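S.K.: Below are the C-alpha cells for one structure; questions will follow.
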Amino acid sequence: MLDAEFFRRWMTAAAASVDREADRLTALDSPIGDADHGSNLRRGFAAVAAALEKEAPGTPGAVLALAGRQLISTVGGASGPLYGTLLRRTGKALGDGAEVSTEQLAEALRTGVDAVRTLGGAAPGDKTMIDALVPAVDALGESFAAARAAAEEGAAATTPLRARKGRASYLGERSIGHRDPGATSAALLVAALEEAAGE
Ligand code: ADP
Ligand code: MG
Ligand code: MG
C-alpha cells in the first residue's frame, strides 16, 4: 500500500529531477516554444517541495491536492494549470484514505490524465505531455518501471510529430523534428514515481 510518505517522496523526487533537468527542458522549449519550460517547472516544483515540508499533509489525496494547487499558483505557463490539474484531479480521485493500492493510483491517474485532456483539448499524437502520460497510465497496471519506460518512449516519439496544441502548434510544419518539452518533463514525473517506489 502507498501512504502519504510515498506521495511526498514522489513529489520530492520530481522536484529534484526537474531541478537537475531544467536547462535541458528549457533548451527543448527554445526551438518550438518560448524557452521557459525548465524555469517554469523548477519554480513550480520548488514551491511544491516547500509547501509539503511546511504543511505535511497526512493522506495521499491531500499531498497531491496541495502539490497541484502550488503548481497552478506558481507556474505562469500552460504547463502549470495542466500539471496542476493532473495532480489535483488524481488526488481527488484517491479520496481521503490514509493508504491507497497501486491499482487505485493507476485508476486515479487515469482520471487525472483525462482531466488534462479535457482542459487542454489535446489527444495522443498532438505532440504534448499527453503523449507521455497516456502510455504511462496504460502501463502502470504492470509496474512503475514499465510506466517509466512507456513514458520515455512516448516522449521520444514526439520528435517526428507536428504540434497541434500549445505554443509549438503556431509553428505548424516547422515543429516537426523537435522533441516536445512537456512530454519530456512528463516522463521525468513518471520516472520519479518509480524512484519513490524504490524499484
Ligand atoms: P508555455 O507554452 O505557456 O510557455 P510551458 O513551456 O511551461 O508553457 O509548457 C509547454 C508544454 O506544455 C508543451 O511542450 C506541451 O507538452 C504542453 N502543452 C501545451 N499546451 C497543451 C495542451 N493544450 N494540452 C496538453 N499539453 C499542452
Ligand atoms: Mg514555454
Ligand atoms: Mg511561457
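Rule-based calculations on the coordinates, nothing more; no lab input. Not measured: the values here are computed from a predicted model. Glycine gets a Cβ as well: all are built from the backbone with ideal geometry, and neighbour counts include every protein chain shown.
S.K.: Every residue in segment 108-122 that is closer than 13 Å to G84 by Cβ and β-branched (V, I, T), please. Before you say what the answer is, go through the steps one by one.
M.R.: First, the residues of segment 108-122 that are closer than 13 Å to G84 by Cβ: 112, 115-116, 119-120.
Hit for segment 108-122 is V116, nothing else.
S.K.: Sort through A123, A145 and tell me the only one that's away from ligand 2 (no atom under 16 Å from the Cβ), among the small types (G, A, S) and part of a helix (DSSP H, G or I).
M.R.: One residue alone meets the criteria, A145.
S.K.: I need the full set of residues from segment 78-107 which are crowded, with 17+ Cβ neighbours inside 10 Å, among the small types (G, A, S) and out of contact with any Lys or Arg (no Cβ under 8 Å at 6 or more places or on another chain), in order please.
M.R.: Residues satisfying the conditions are S79, G80, G91, A93, A106.
S.K.: Restricting attention to segment 65-105, and to residues there that are within 19 Å of A136 (Cα to Cα), touching a strand residue (DSSP E or B) at 6+ places or on another chain (Cβ under 9 Å) and among the aliphatic types (A, V, I, L, M), which single residue is farthest from ligand 1 (Cβ to nearest atom)?
M.R.: Restricting to residues being within 19 Å of A136 (Cα to Cα), touching a strand residue (DSSP E or B) at 6+ places or on another chain (Cβ under 9 Å) and among the aliphatic types (A, V, I, L, M), the top hit is V100.
S.K.: Under the condition of being within 13 Å of A168 (Cβ to Cβ) and not in a loop (DSSP other than H, G, I, E, B), which residue from segment 9-39 is nearest to ligand 1 (Cβ to nearest atom)?
M.R.: Among those residues, the one meeting the criterion is H37.
S.K.: Here's something else I'd like to know. Specify the residue that is farthest from A186 (Cα to Cα); the eligible residues are those in segment 118-146 that are in contact (Cβ under 8 Å) with a residue 40 or more places away in the chain and among the polar types (S, T, N, Q).
M.R.: My answer is S143.
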